[in-house]
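To start, the structure itself, in structure tokens.
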Amino acid sequence: MLSRISQPIFSPSYPVILMKHAILLTSIAAASLALTACATTSQNKVMDEAPQSSNTRISRGTFPFQGESLTFDARHVATRTSIADAVIQVGYESKMEDGTRYIPIVGEASSKSIVRLFARVDDRAEAYIDPDTWETIYSYKHMNENDRDREYYVWFWPDELSASVERHYKKNVVKREDALPEGTLDTLVWVYHTRAQKLEKGKSYISYSFDGWTINKIELNLVGQEDVWTENGFYPCNKFEIYRERSDAITPKGALSGVYIDPARVIKVKRYKLAEAWLATDELQTPVRLVINTGIGEFDLLLKSVAKIDKDAANP
């Protein structure tokens, strides 16, 4: 168990070959994703230390998505233009020298060919989860969009309902502490938690995600079943509607500052429909399609391939 003070830093000491593909990194940037070559952790670096969850947390068993690699085609709906290949891959359980165990999830994104002339995107997301509780230990985001280059390093402290954030932008570094609602996950990790649930039609499922800049209250509704055509044939799917509310948290002060309760939130953007998603009815609820609303129209991500990464190749 790591202390609250020993926050992780990047170190080149633990090379891990993780990803060849990525899906949607956060809410909007992923609509312009494309991957090239086999990805490793950011600039061949990984976290040196991370806060392992306490023994009071509930074990969820073996994480079933290890070694999974998914590839998607991303298109702008109005113009039917293919703008990116979107990919996501999960590594296998590994351990750092201090004994902290983790499972890595890594994604990359870069816009295609001519699209780069007016919408250049080179994004990367990494998330590391506790193999027992599946809680987020640490996440990293590198968002580079039309030369707006910024990085977020986020350490999650689930026992304290908080996160430590370090933001790098134009040679400026900002550090802060953010209070979080109970059970808040990195957005990339949220996708896998959702896939592991047994969801019922007619019910609404509420959860929270945090990327280092905003708290997202996510509402997921199962609305029906549809068959979705891909280049690999039809997939029987459950169809979902996804709603999002964006907010900032107010950290408790004074007498309540040492009491770990869900913080009050200031709503920045009221609830709105973010996307529609189709998950296959197979055992792992494989993501097949995502149609997401953005300020420049709708984008459609459609499954191209599913692969399993060899464990020995992933963790040499």
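Only the coordinates and a few stated rules stand behind these numbers; no lab work does. Remember, predicted model here, so these are calculated numbers, not experimental data. Backbone-built Cβ (ideal geometry, glycine too); neighbour counts: all protein chains shown.
List of remarks:
- Within the shell of other residues whose beta carbon sits under 15 angstrom from the beta carbon of residue 270, the net charge comes to +4, with Lys and Arg scored +1 and Asp and Glu -1.
- Whole-Hz couplings from phi, Karplus 6.51/-1.76/1.60, listed for the stretch 207-218; x for Gly and Pro: 8, 10, 10, 8, 10, x, 10, 8, 8, 10, 8, 10
- Of the peptides 178-190, 267-279, the order by per-residue mean of other Cβ atoms within 10 Å, starting with the highest, comes out as 178-190, 267-279.
- In plain terms, the residue of 129, 58 with the fewest other Cβ atoms within 10 Å comes first and the most crowded comes last, giving 58, 129.
- Eligible aspartates and glutamates near residue 308 by straight Cα distance, threshold 13 Å, same-chain separation 8 or greater: 68
- Environment charge at residue 240 (Cβ cut-off 14 Å; Lys +1, Arg +1, Asp -1, Glu -1): +3
- Seen from residue 139, the other residues with C-beta closer than 9 Å to its C-beta sum to a net charge of -2, counting Lys and Arg as +1 and Asp and Glu as -1.
- Here 63, 156, 210 are placed in order of increasing Cβ neighbour count within 10 Å, fewest first, which gives 63, 210, 156.
- Exceeding the 25 Å Cα-Cα cut-off - candidates 175/217; 217/239; 201/273; 95/171; 95/175: 95/171; 95/175
- At 0.692 mPa s and 37 °C, Stokes diffusion of the stretch 86-229 via Kirkwood alpha-carbon radius, µm² per second: 194 µm²/s
- Under-5 Å amide H pairs with residue 265, H placed in peptide plane, nonlocal only: 250
- Working ranking of peptides 193-205, 230-242, 212-224 by packing, defined as the average number of other Cβ atoms within 10 Å per residue, highest first, is 212-224, 230-242, 193-205.
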